[in-house]
Amino acid sequence: MKELKFYPTIWQTVPFSLDMMDQWDVDGKRIKDLILKNKYASEKGVSQMNVNVIKFSAIDKKGNEHIITDFSGNESMQLKGMHTGLFIKTKSVLKLDSGSYSTFRFYLSSKGNEFIYDDRSKEPLYRFDHLDFEIVNGLELSGDESKQVLLRFDFEPFSLLSYLKPFQKFLQGIKFKKMKWASSYSH
């Protein structure tokens, strides 16, 4: 009799695997997963932002601003796009009143802010005192949600040529010794 090996769980996902644990809070409530988009960053091909955030707020659909008071401020953040798989998980953003919100606003410090473009070039930010990020599909709060939220940023991925820049700089740094044939034959 021939034995047939059968592995029933090989294609089954684990119900509470480690990659799913960040989608639930300690009370068992589902954490909102929000995608944030900045118009200027989309137009200019920004892939990453390094910003010093001093204040954080949410703007509702009527245009009223709601300051998130439990944000400590003076935080240096590296905002990376969804293509990296990285996100920011807040602790208590949704202590906001019930309602519809369309935008998050990050107020910036006057120093230490920069855009990193898809070709890996950097530009310091001096002309912005705040950045508005539109919440894709908005944010509806009824009051019984988890107080935590995942913030994902819709930035451009780095271009393929940007990965070759270090190699190109390395080759430019190598200096080949040129021989002078004419002077070597003279007596």
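Read-outs: derived from the displayed coordinates by stated rules, not from any lab. Quick caveat: nothing in here was measured; it's all calculated off a predicted structure. Note that each Cβ is placed from the backbone with ideal geometry, even for glycine, and that neighbours are counted across all protein chains shown.
Rounded to whole numbers, the Karplus 3J(HN,Hα) couplings from phi for region 128-145 are 10, 9, 7, 10, 9, 10, 6, 8, 4, 6, x, 9, 10, 10, 10, x, 10, 7 Hz, using 6.51 cos²θ - 1.76 cosθ + 1.60 with θ = phi - 60°, and x at Gly and Pro. Normalised by 2.2 N^0.38 Å, where N is the number of residues, the C-alpha radius of gyration of region 89-145 stands at 1.49. Computed over every Cα-Cα pair of region 21-158 and binned at 5 Å starting from 0, the pair-distance distribution P(r) comes out as 2, 10, 19, 24, 21, 14, 7, 3, 0 percent.
Excluding residues fewer than 8 places away in the same chain, name every one of the aspartates and glutamates whose C-alpha is closer than 17 Å to that of Lys32. Partners found: Asp19, Asp22, Asp60, Asp97, Glu134, Glu140, Asp144, Glu145, Asp154. Sorting 50-63, 121-134 by average packing, meaning the other beta carbons within 10 Å per residue, from highest down gives 50-63, 121-134. The calculated FRET efficiency for the pair Arg127 and Asp27, based on their C-beta separation and a Förster distance of 35 Å, comes to about 0.25.
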